[in-house]
Amino acid sequence: MVSQPLRVHYFQHIKDEGLGSPAVWLEKHHAQVTATSFFKLEKGESEIILPAVDDVDLLIVMGGEMSVNDEDLYPWLIAEKKWIRRYIDQGKPVVGLCLGAQLIASSLGAVVKKNSVKEIGWWPVWGLADNRVEDHFKFPKELRPLSWHEDTFDLPDQAILLAESAACAHQAFQYGRNVLGFQFHPESTPLNMQLFLADVGYQELGGGAADMYIQTAAQMAAVPEADFEAPNQLLERALDFVLRDTPYI
């Protein structure tokens, strides 16, 4: 019998983004949820209060419009990456989404750099890992999630590559038994996709005829709600997976 609720902490980099689809999963598991709101800091500000690693049972690292390499503009990135590394070194569960996956990769010593193309919109992602291996996260043969990025990460040492897309070779990885990173946005809901379009600044990321992996805002907004279900379900399975060695699942 678990004597205390699952303590979930998430790192938020975009105002109003929230957790997206995991909110339902967390409510189902009666989780105690807290957050660090990095978006409230001014550019150049470095002081941020982070939780004690021992006070977090599950970490979710959300997306953001900055690069993990923008330490001059966002000095708090240094503290965030160091905290993530300490957390992982203690063998604790974490899931990273888009920028969050890049932050995890960077904290593990991998290089994060510009991808060859920007990838924005609903594009197919293909699973690569051998699903017969018990300790591998079971990634589907094909998934069509929302992607929104221009950077990519090298694979951390000893990590398992789980998925790729036509635009980006590294779409998902597993490190150890309880660390998962997704370059795309499995947490996306119709509401937070609209927030992406409104708040992140779609035009700033590109979107001309020469950008073959950038859909228009109209194309993204026209995606039916049913298309969100498979990525959302994948993320729920990911949360179950990283917590499978804990008493909470």
Subject >> Considering residues of the range 202-221 that are at pLDDT 85 or above, within 20 Å of the chain's Cα centre (by Cα) and not in a strand (DSSP E or B) only, the residue farthest from residue 152 (Cα to Cα) >> reply: 220
**OP:** List every residue pair whose Cβ atoms lie under 9 Å apart, where the two residues are 6 or more positions apart in sequence or sit on different chains, the first residue falls within the range 222-249 and is assigned to a helix (DSSP H, G or I), and the second residue, located anywhere, is among the acidic types (Asp, Glu) and modelled with pLDDT of 95 or more.
**Re:** 231/187; 232/187; 235/187
**OP:** Would you kindly identify the strands (runs of 3 or more DSSP E) lying entirely within the range 87-154 that contain at least 3 residues that are surrounded by 22 or more Cβ atoms within 10 Å (Cβ to Cβ)?
**Re:** 94-97, 146-153
Subject >> Inter-residue pairs, beta-carbon under 8 Å, first in contact (Cβ under 8 Å) with a residue 60 or more places away in the chain and basic (Lys, Arg) and in the range 77-103, second part of a helix (DSSP H, G or I) and surrounded by fewer than 18 Cβ atoms within 10 Å (Cβ to Cβ), 6+ apart >> reply: 92/53
Original post:
Tally time: how many residues in the range 65-87 are of a type in the set (D, E, K, R) and within 16 Å of residue 48 (Cα to Cα)?
Top reply: 5
**OP:** Determine, yes or no, whether residue 199 is in contact with a Lys or Arg (Cβ under 7 Å, 6 or more places away or on another chain), more than 17 Å from residue 22 (Cβ to Cβ), at pLDDT below 95 and part of a loop (DSSP other than H, G, I, E, B).
**Re:** no
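The values are calculated or read from the model by the stated rules, or taken from the named source; none is laboratory data. Remember, predicted model here, so these are calculated numbers, not experimental data. Methodologically, a virtual Cβ is constructed for each residue, glycine included, from the backbone with ideal geometry; neighbour enumeration extends over all protein chains shown.
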